[in-house]
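Have a look at the structure below, then the notes.
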Ligand SMILES: NC(=O)c1ccc[n+]([C@@H]2O[C@H](COP(=O)([O-])OP(=O)(O)OC[C@H]3O[C@@H](n4cnc5c(N)ncnc54)[C@H](OP(=O)(O)O)[C@@H]3O)[C@@H](O)[C@H]2O)c1
């Protein structure tokens, strides 16, 4: 079942950064048959409630963009919550979808679940070839179980449940929690606050030399739409920016965008993490997608909406 404007699509997690980007893309595509439930209306860890929704609504396509997500600190401090919630959400949505006859589903994986010491750039075939990053092992094992479930359902039941592997993302509706956010929102917050206070210095952890790739959530959503609309792909596929930059270069860009005029220094007693992390995106490029939003444009847009009237940081 390929995506059509008339398709009925259940987007689980539609208020999150990824889910909301996918909803925007589907609406731009003219899809009106969206099935959306907030967490208050449907707790995805509640098996009976999930089954009842999917059985009653009978979507043509399910997009699973709901998950318990967090930065290193949260993953490291609450591994039980990460494995428990994610296994529950995935199993409930995947099992109910299969049982209701849903043929097409998109499952959101993550580049952080590839083995810790992967050759670079990371190919899809490297999954499950080595030990995981210990700080997010519980999250990664849950996600890998979801991918293996998709593969097993496809093999045994002939479904086309597609696991997508995005790199680090940023975009509207990101999480700006002071201790539980990803790299870009954390940098935006730190430099924004430093600029407002008139600080002369921002200290970064480590050397700033590690290389990372970041993709705008709208680019990921465009990739998901293309995969659902134009292909029958059901094997794990990377969606990345195809280019990386040093953390220092990203920090300088953020500083420029938020108007921080001080200096950026480094606390070299803090660890750097993996020197380079970038995904190989040849498979999705060959299918006709490529990223279209530069980091500079993407960050400018995100910061403009954070500080616009009604935005999270409006003055
Ligand atoms: N962010 C990244 O850099 C990144 C990178 C690679 C992959 N991904 C993957 O993309 C997916 C979405 O991530 P995201 O960044 O969009 O996360 P997010 O902004 O935190 O969104 C997750 C959504 O899931 C919902 N949710 C969580 N638990 C739920 C529950 N028990 N019942 C109902 N809804 C629940 C949340 O609802 P509330 O709004 O009520 O909390 C939220 O809307 C995840 O699978 C993640 O692994 C993200």
Practice problem: Write down the percent of antiparallel bridges among all DSSP beta bridges whose residues are both part of the chain, to the nearest 5. | Solution: 5
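What number, in percent, do you get for the relative contact order of the chain if the mean sequence gap of Cα pairs under 8 Å and at least 6 apart is divided by its residue count? Let's see the in-between values first.
Details: 580 pairs, mean separation 60.7, N = 315.
About 19 percent, as a whole number.
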Quiz item: In a GNM of the chain with a 10 Å cut-off on Cα contacts, which of 162, 188, 42 has the highest mean-square fluctuation?
Solution: 42
Quiz prompt | Gaussian network model of the chain, springs between alpha carbon atoms under 10 Å - residue of 169, 287, 94 with greatest fluctuation | solution = 287
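How long is the gain from residue 47 to residue 235 if the chain were fully straight, where each residue apart is worth 0.36 nm and the alpha carbon distance is subtracted? Working shown, then result.
On the way: separation 188, 0.36 × 188 = 67.68 nm, distance 2.63 nm.
Taking 0.36 nm per residue and subtracting the Cα distance, the gain is 65.1 nm.
Would you mind calculating the relative contact order of the stretch 1-74 from Cα pairs under 8 angstrom and at least 6 residues apart, reporting the percent as a whole number?
On the way: 88 pairs, mean separation 34.3, N = 74.
That works out to 46 percent.
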Quiz item: Helix 247-258 sits at what angle to the longest principal axis of the chain, using alpha carbons and giving 0 to 90 degrees rounded to 10?
Solution: 80
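Between residue 152 and residue 199, how high is the FRET efficiency from 1/(1 + (r/R0)^6) when r is the Cβ-Cβ distance and R₀ = 51 Å? Nearest 0.05. Don't skip to the end; give the middle numbers.
Details: r = 52 Å, r/R0 = 1.03.
Approximately 0.45, to the nearest 0.05.
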Quiz item: Want the number for residue 99 to residue 15: 0.36 nm per residue separation, take away the alpha-carbon distance, what's left?
Solution: 27.7 nm
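Run lengths n ≥ 4 of DSSP H only: what is the helix-derived mean residue ellipticity at 222 nm for the chain, with -39500 (n - 2.57) per run over all residues, to the nearest 500?
On the way: 10 runs with 130 residues, N = 315.
Calculated at 222 nm, the ellipticity per residue is -13000 deg cm²/dmol.
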Quiz item: Which residues in the stretch 85-100 have a backbone N closer than 19 Å to a point placed 7 Å from the Cα of residue 145 along the Cα-to-Cβ line?
Solution: 85-99
Quiz item: Which angle between 0 and 90 degrees, to the nearest 10, do you get for helix 295-307 versus the longest principal axis of the chain when only C-alpha atoms count?
Solution: 90
Quiz prompt | Most mobile listed residue (108, 165, 226) in the chain, GNM with C-alpha springs under 10 Å | solution = 226
Exercise. Note the angle between two axes, namely the Cα long axis of helix 137-157 and the longest principal axis of the Cα atoms of the chain, as a number of degrees from 0 to 90, rounded to the nearest 10.
Key: 30
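None of the figures in this text is laboratory data; all of them are computed from the coordinates on show. The model shown is predicted, which means the values in this text are computed figures rather than measured ones. In this analysis, Cβ positions are derived from the backbone assuming ideal geometry, glycine residues included, and neighbour counts consider all displayed protein chains.
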